[in-house]
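The values are calculated or read from the model by the stated rules, or taken from the named source; none is laboratory data. Quick caveat, the model's predicted, so the values are computed rather than measured. Cβ placement follows ideal geometry from the backbone for every residue including glycine, while neighbour counts extend to all protein chains displayed.
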Amino acid sequence: MTPLRVRYARIESVVLELLAKYQSAKAPIDIVQIARGEGASIHFDSFDDKSVSGFLVREGDSADIVVNNGQSRERQRFTIAHELGHFKLHERAPVHVDTTFSVFLRSDKSSEGKYVAEIEANTFAASILMPSAMLRAEIDPASLDIEDEAVVAVLAKKYGVSRQAMTYRLQNLFAQSRET
Ligand SMILES: [Zn+2]
């Protein structure tokens, strides 16, 4: 069943459960360890189709996650987290293929209805790789400048994510609350 709306609260609680279960309290989050612990085997492979980021093959309670090793390390980590998100949140076809488009699709009103499962998988990935409690503990929103590329670069490196992913996460966590 595909959800009709992005279930942000549900995703956050699944993520918090996993972070507690694997005692992941420090950046970078070991996403491979978590995925393996949840029953997924991780494989790295080169794909002829460069637009494919990775795919998920389910078999009952276990799964294979295959990652395009031609993409950057940070993107490969995000892809693993995205596929784990599908595995934990969605029950769908036994094989799910993701392109760069779906893995890095941004959440906005125009795409929300159409790509709920993809946005959920991306929300899961961002939440588990950049846990909100960890970022809130080290960032003072009053002095945070999201436009400051040096600050974003340091955080991105620490969490093992791309700068774009970190910028987007910081905007979601801090920019909106500051406007209101
Ligand atoms: Zn996907």
Inset, instruction - For region 71-83, state whether one or more residues are assigned to a strand (DSSP E or B) and not acidic (Asp, Glu). - result: no
Legend entry - Selection count where residues are within 22 Å of TYR115 (Cβ to Cβ) and not in a helix (DSSP H, G or I), scope region 1-59: 18
Inset, instruction - Considering (1) touching a residue at least 40 places away in the same chain (Cβ under 8 Å); (2) under 22 Å from ALA9 (Cβ atoms); (3) within 16 Å of the ligand (Cβ to nearest atom); (4) aliphatic (A, V, I, L, M), say which one VAL52 fails and leave the rest. - result: (2)
Inset, instruction - Check GLN23, GLN71 and return the single one that is away from the ligand (no atom under 13 Å from the Cβ), farther than 12 Å from ILE128 by Cβ and at pLDDT 95 or above. - result: GLN23
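Residues are listed down the side, and each one gets a yes or a no for (1) within 24 Å of LEU18 (Cα to Cα); (2) within 14 Å of the chain's Cα centre (by Cα):
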residue	(1), (2)
TYR115	no, no
ALA121	yes, yes
SER132	yes, yes
LEU135	yes, no
ALA142	no, no
ASP148	no, no
VAL154	no, no
Inset, instruction - Return only the number of the condition from (1) touching a helix residue (DSSP H, G or I) at 6+ places or on another chain (Cβ under 8 Å); (2) at pLDDT 95 or above that VAL154 does not satisfy. - result: (1)
Inset, instruction - Would you mind stating whether GLU118 is out of contact with any His (no Cβ under 8 Å at 6 or more places or on another chain), among the acidic types (Asp, Glu), within 13 Å of the ligand (Cβ to nearest atom) and at negative phi? - result: yes
Inset, instruction - Could you grab me the full set of residues in region 2-21 that are under 17 Å from GLU91 (Cα atoms), under 15 Å from the mean Cα position of the chain (by Cα) and among the aliphatic types (A, V, I, L, M)? - result: VAL6, ILE11, VAL14
Inset, instruction - Search region 85-114 for residues being without any contact (Cβ under 8 Å) to a residue 40 or more places away in the chain, outside any loop (DSSP other than H, G, I, E, B) and small (Gly, Ala, Ser), and hand back the single one that is nearest to the ligand (Cβ to nearest atom). - result: SER111
